[in-house]
Each structure stands twice: as C-alpha cells, then as structure tokens.
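Take a look at the structure set out below.
The values are calculated or read from the model by the stated rules, or taken from the named source; none is laboratory data. Every value quoted in this text rests on a predicted model; they were computed, and no experiment measured them. Cβ: placed from backbone, ideal geometry, glycine included. Neighbour counts: every protein chain shown.
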Amino acid sequence: MGIPRPYARRIKYDKFIGTRQVMTLDEQTFHDYLTDQNVALVMFYNPQCPECQRHKPHFVKAAKTTSKENRRAYAAVNCAAEPDLCNAQNAFPDMLPLMKLYARGKFLSNHAKTLDYREIKELVEETPFFPAKVREQ
C-alpha cells in the first residue's frame, strides 16, 4: 500500500498541453506533487504566447516517450491562471515558456525554450535523484 497523496484527487492533466502524461499544477498542488516525484520537469506557459504554442509539441513528445520508471514526471503551470505561483517561481511573462527541473521538490535548473524533444527527454531521464525516504511504521 502506497503513501496517501492528498493532492492526487485535485490534480488533472493539463488541457493546453493536451496529454495525460503532463499534469497541471496550481498553488495547492505544486509543492506536494513535485516532492512526490524523483524528477519532474515543469513547463511554465501562457496559452496565448506564440512561443509557448511552438514549444508545446516538443514537450508533449518528450512526455510521451520518456521512461516513467523511477517516478520521472512532466507537469505544467498556466501563468495566465496562476500568476502568483509563476511569480514565486520566477517565471515571468517575458521568459515564457520556461522549463524548470526539480528532483524531490528541490529546484535544480532552468531551461530555455530552445530545447527539442530529444534534449528534453534526455534531461529528464539522465537527471540523478535521491530516492524517497522510507517511513518507519
């Protein structure tokens, strides 16, 4: 039996990104979801941003083709809907799309919008992580 994930019922796939492999995060789910993943790449975007629309297919293809072993995940934050979260994460409108890499909820690095799906996939699959601590019962 796994650890209960109270955020799990509130989290849905991101409709702008359009695949069930990419979850949408908001202020209530952001930290819990990222802490639960060994590695997660988050795309901060605005659906009206032309560069975000051009980047989306690469992000989708990477999410669909990345090995899901070891809790490697993709997520997205709509900065038009979550401006406070985006500001807190230093994802400002003139920087979008912006990808941020996390391991067990800890920020590792920013990545520019010039990556293609192969680079995105490799980034997520090759990032080392520390496994979750086992809780004693």
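The rows are residues; the columns are (1) within 16 Å of THR127 (Cα to Cα); (2) crowded, with 18+ Cβ neighbours inside 10 Å; (3) in contact with a helix residue (DSSP H, G or I) (Cβ under 8 Å, 6 or more places away or on another chain).
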position	(1), (2), (3)
MET23	no, yes, yes
PHE30	no, yes, yes
THR35	yes, no, no
MET43	no, yes, yes
GLN53	no, no, no
LYS56	no, yes, no
ALA62	yes, yes, yes
VAL77	no, yes, yes
ASN90	no, no, no
Residues of the range 93-109 classified as among the hydrophobic types (A, V, I, L, M, F, W, C) and buried (at least 20 other Cβ atoms within 10 Å of the Cβ), total: 3
The range 69-102 - residue that is more than 22 Å from THR19 (Cα to Cα) and either of a type in the set (Asp, Glu) or in a strand (DSSP E or B) (or both) and, of those, modelled with the highest pLDDT: ASP84
Qualifying positions in the range 95-131 - among the acidic types (Asp, Glu) and without any contact (Cβ under 8 Å) to a residue 40 or more places away in the chain: GLU119, GLU122, GLU126
